Amino acid sequence: MSNDSDSTPVPSGEGPLSAGSDRAEAVPPPGEPRAAPGAVTLRAWVAEAASGLLDIRFRREVTLTLLPLAYLLGLVFACAVPIALTVALWQLSAVLGVLAALVGVPLGLTIAAAVRLMLEFLVNAARLAGRVEHIGDLADDLFQVLSDVAEPVNQLSEDVRAVQFWRFRRGSRK
């Protein structure tokens, strides 16, 4: 008798999680093959990136979604430039090829570091923009609350001025 956790029915009200597991793994419906966790996340990332790239009106921000792809392309560029430079100079002269190979490693590392720094700057700029937008929303909410309070305070101020209880009658002493 096999004890297969895929055939266990999921009670209503609970998410499709595997029973007796510390990790929250999604269990596919019966009859569908179980996908590897990496494949599911890769598929979701590709779908999100594709939908972001097809958004021609720029209503969605896909900066953080496309960041891994940009970083991988930057690393490929950082490896390809020194290799291409070394091969090209090797065809001219063996001495130049050896020199290019020696210079290629620091050049590749420098390019990779520059790509990483630019992308981290982009991430921090995106986070800062999100925080500035949040602060702007808070300022709008604060302005609305202060506007709601200003009207009763103005009315109260007019009522207090109308009372004039702090003025003494000078004419009664005569």
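Worth pointing out:
- Total residues in segment 124-145 satisfying the condition of being within 30 Å of C79 (Cα to Cα) and free of Cβ contacts under 8 Å to residues at least 60 places away in the same chain: the figure is 3.
- Contact map, segment 45-69: residues that are assigned to a helix (DSSP H, G or I) paired with residues that are among the hydroxyl-bearing types (S, T, Y), Cβ distance under 8 Å, separation 6+ or inter-chain. Pairs shown: W45/T65; E48/T65; A49/T65; G52/T65.
- Within segment 30-52, considering residues that are surrounded by 13 or more Cβ atoms within 10 Å (Cβ to Cβ) and among the aliphatic types (A, V, I, L, M), the one modelled with the lowest pLDDT: A35
- Among residues that are more than 38 Å from the chain's Cα centre (by Cα) and either at pLDDT 95 or above or surrounded by 13 or more Cβ atoms within 10 Å (Cβ to Cβ) (or both), G104 is not included.
- Only one entry in L96, L122 is more than 30 Å from T65 (Cα to Cα) and not charged (D, E, K, R), namely L96.
- Flag for R161 being among the basic types (K, R) and closer than 20 Å to L67 by Cβ: no
- Residue satisfying condition, being assigned to a helix (DSSP H, G or I), under 15 Å from V81 (Cα atoms) and free of Cβ contacts under 8 Å to residues at least 24 places away in the same chain, within set G108, G97: G97
- Considering residues of segment 125-156 that are within 23 Å of L66 (Cβ to Cβ) and hydrophobic (A, V, I, L, M, F, W, C) only, the residue modelled with the lowest pLDDT: A126
The values are calculated or read from the model by the stated rules, or taken from the named source; none is laboratory data. From a predicted model like this one, the values you see are computed outputs, not experimental measurements. Neighbour counts run over all protein chains shown; Cβ positions are idealised from the backbone, glycine included.
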